[in-house]
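The values are calculated or read from the model by the stated rules, or taken from the named source; none is laboratory data. Please read these numbers as outputs of a predicted model, since none were measured by experiment. Every residue, glycine as well, gets a Cβ built from its backbone with ideal geometry; the counts of neighbours run over all protein chains shown.
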């Protein structure tokens, strides 16, 4: 999780030259810069759909990039987390939020 005050979506020179880490999104490996947000890493990898609307199943993804809209809600382990506010970690497993009524 973030400990500094710099928003993780802002890619400073130090972050762009940071070591690479690998996380998985729905079983797919994704390479990211250490210190980047989960949302930034997935966006850079071409992944735009982070969840589906519980109302109509429409795809949802990063929108405000500051945690207000909650459109980037994902499952990290067993916790629902905002991808734009969560920093990547090596080996992190990110999944879609299960649909209501689905077995978790």
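In contact (Cβ under 8 Å) with a residue 60 or more places away in the chain, within 11 Å of the chain's Cα centre (by Cα) and more than 19 Å from residue 18 (Cβ to Cβ): does that describe residue 72? No: the conditions fail for residue 72. In segment 1-87, counting only strands (runs of 3 or more DSSP E) that sit wholly within it, none holds 3 or more residues that are out of contact with any strand residue (DSSP E or B) (no Cβ under 9 Å at 6 or more places or on another chain), modelled with pLDDT under 90 and farther than 19 Å from residue 97 by Cβ. Restricted to segment 35-46, and to residues there that are farther than 14 Å from residue 92 by Cβ and touching a residue at least 12 places away in the same chain (Cβ under 8 Å), the residue that is surrounded by the most Cβ atoms within 10 Å (Cβ to Cβ) is 43.
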